[in-house]
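The values are calculated or read from the model by the stated rules, or taken from the named source; none is laboratory data. Here the structure is a predicted model, which is why all the values come from computation and not from measurement. Cβ placement follows ideal geometry from the backbone for every residue including glycine, while neighbour counts extend to all protein chains displayed. Just the protein is used for accessible areas: all its heavy atoms, side chains included, with ligands, DNA and RNA removed. Shrake-Rupley method; radii C 1.70, N 1.55, O 1.52, S 1.80 Å.
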Amino acid sequence: MQQQQVKNKDREKIELYFSGRGLADKDVLSQSDPQCYIYLKEGQDGQERLIGKTEVKDNNLNPDWKTSVVLDFIFEVNQFLRIVVMDHDGKNVENDDIIGSLNTTIGAVMGSKNQIYLGQLTHNHKKTGRLIIKADNRKEIGEENQMICWQWNATKVKNMDGWFGVSDPFLRFLKWHKNSDWLLVHETEFIKNNENPTWKPFEIPHDKLHDENPQQPFKIELWDNQTNGKHQFIGAIEVTIEQIIFKEIHQFVIKTPKGDLGGNLGVKFIEKKDFALQMGDQHTFIDYLKGGDQINLIIAIDFTGSNGEPSSPHSLHYNDPEHLNQYQNALKQVAEILLNYDYDKKVPLYGFGGVPSLPNYKKTSVEQCFPLNGNQSDPEVFGLDGIMSTYSNALNHINLSGPTIFGPVIENALEISKANLKKDIYSVLLIMTDGQIDDMNHCLKLIRKAYRLPLSIIIVGVGNANFNMMEQLDGDDAQLERDLVQFVPFIKHSQQPGELAKELLAELPDQFLRFKKLIGKKPNPSKEIDLSQIN
């Protein structure tokens, strides 16, 4: 059965406010009359579009515009902003002069302290004033954050694994969007070899299952999990909140695309007998950003022999000055998003599976967690440029070896996460590897230790190797109290700029929120800052 494309989950909305300081004066007999034009482009290949413009501020070189713009915040996508400040010159727009422009990203704004971004306006390579952008999460009027708390089960799930197996079923919940696309809003864990599964209870916002119309059906799909990621579709139903909650229809029959029985689906509500509309404050990812939470990126790169010698054009580590190799491409995609949420932009950068012969760090045998900058006491590098240059320089000073062992880099990330537990810093370990790992059981034990620590692990598979074990590493954490591992093969998105980071990072805000809920940590109070008070 050909399934419709499933888009990413619903987004939080943000509202942007703008102020200017020390704007260049374009008028002779008076001061400039500035107006902001705001353009947005989502992803490298997106189309730039005008999403709003402010009012005109007459004779004002330090304007605080009142008009704001509202847009979706997409954490895992580079959302490029271009702000153009014009000097309004009456009714004829063609007579308006450019005061200055600024290019930034929504991530840079959201990751700034107190969500206040200070940028430099320029025109013709000259500084023409400063622009201040303030972001706030947009709460719609009447939004009540109603939560549905329920638990789903199934019986007689169709066997998709042949005579010698039983399906590993999981559910997907999808919402019908007004542009006629299905949006994935929740996915349960899979339950191995079970034709009568009961999935873990979960809660979901009421309005995540429908748009304005609560009678709009949402879809529940039943799938059989496959370790290679090519999950098998069993069947689906469409149902409304009204049917489940108010008409108390709690049993459903799922048919396969051929009309056979796919399984019987049932639901029960948790914490309330009749129906579960549980009220209460539901904190968002943005709430924690406003309270000062940060994301700390940790990077570990595979230097095992199977990558091929860096001097060879066929090597996965080949340093071509004209093109990024797969490691560099993935580093750039992930780092340029996550660094927005790290105030000091410092990243611990490690290698594993090689014999380092760095200027200040020389070894005679293979190391499974060594600093790429050669500084054991301070393995951090600064920003994206520091990551890329340190990696490129290290290629000439590492002898590729093996085996492929993840344990030491995960243990190191656990120690960093423990140290950050009370600092409101959430770590993300990016592991980049070209093949199967040789310490799978040890890694699974380490991951189980991590679920109460502020840590997520994202793994990029580089090259064309068999990554079935990585899929297992990703799938195993579905049995834990929270998901914290995500694996994506690079080749899957090699022809689509930005899509690798999009898939790798899409679940990160939810993983972050589940961790905060698990430890009972609410957002810190945010600081309310009046833009008019900023000079």
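Worth pointing out:
- Identity of the residue in segment 128-141, within 29 Å of residue 188 (Cα to Cα) and outside any strand (DSSP E or B), that ends up modelled with the lowest pLDDT: 140
- Filtered by the rule that a residue be at pLDDT 95 or above and in contact with a helix residue (DSSP H, G or I) (Cβ under 6 Å, 6 or more places away or on another chain), segment 82-109 gives 107, 108.
- Scanning segment 33-71 for residues that are aliphatic (A, V, I, L, M) and more than 20 Å from residue 107 (Cα to Cα) yields a count of 2.
- None of 222, 183 is in a strand (DSSP E or B) and at pLDDT below 90 except 183.
- Pair list, Cβ under 6 Å, 6 or more apart: segment 191-203 residue on the phi > 0 side of the Ramachandran plot, other residue open to solvent by less than 80 Å² (accessible area, probe 1.4 Å) and β-branched (Val, Ile, Thr): 193/166
- Per this entry, residue 522 is not counted among residues that are under 22 Å from residue 74 (Cβ atoms) and either crowded, with 21+ Cβ neighbours inside 10 Å or of a type outside the set (S, T, N, Q) (or both).
- When 68, 32, 19, 112 are checked against the criterion of being surrounded by 14 or more Cβ atoms within 10 Å (Cβ to Cβ), under 30 Å from residue 329 (Cα atoms) and among the small types (Gly, Ala, Ser), a single residue qualifies: 112.
- Condition broken by residue 489, with the remaining ones in (1) farther than 24 Å from residue 351 by Cα; (2) touching a Phe, Trp or Tyr at 6+ places or on another chain (Cβ under 6 Å); (3) not aromatic (Phe, Trp, Tyr) satisfied: (1)
For every residue, the table says whether it meets (1) in contact with a Ser or Thr (Cβ under 9 Å, 6 or more places away or on another chain); (2) surrounded by fewer than 19 Cβ atoms within 10 Å (Cβ to Cβ); (3) in contact (Cβ under 8 Å) with a residue 40 or more places away in the chain.
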site: 151; (1), (2), (3): yes, yes, yes
site: 155; (1), (2), (3): no, yes, yes
site: 160; (1), (2), (3): yes, no, yes
site: 166; (1), (2), (3): no, yes, no
site: 220; (1), (2), (3): no, no, yes
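- Within segment 466-489, considering residues that are surrounded by fewer than 19 Cβ atoms within 10 Å (Cβ to Cβ) and of a type in the set (S, T, N, Q), the one modelled with the lowest pLDDT: 479
- Candidate set: segment 204-218, residues that are at pLDDT 80 or above and within 16 Å of residue 187 (Cβ to Cβ); chosen: the one surrounded by the fewest Cβ atoms within 10 Å (Cβ to Cβ): 204
- Residue that is nearest to residue 324 (Cα to Cα) [pool: residues in segment 356-391 that are of a type in the set (A, V, I, L, M) and crowded, with 18+ Cβ neighbours inside 10 Å]: 387
- Condition met for residue 396 (in a helix (DSSP H, G or I) and touching a Pro at 6+ places or on another chain (Cβ under 8 Å)): yes
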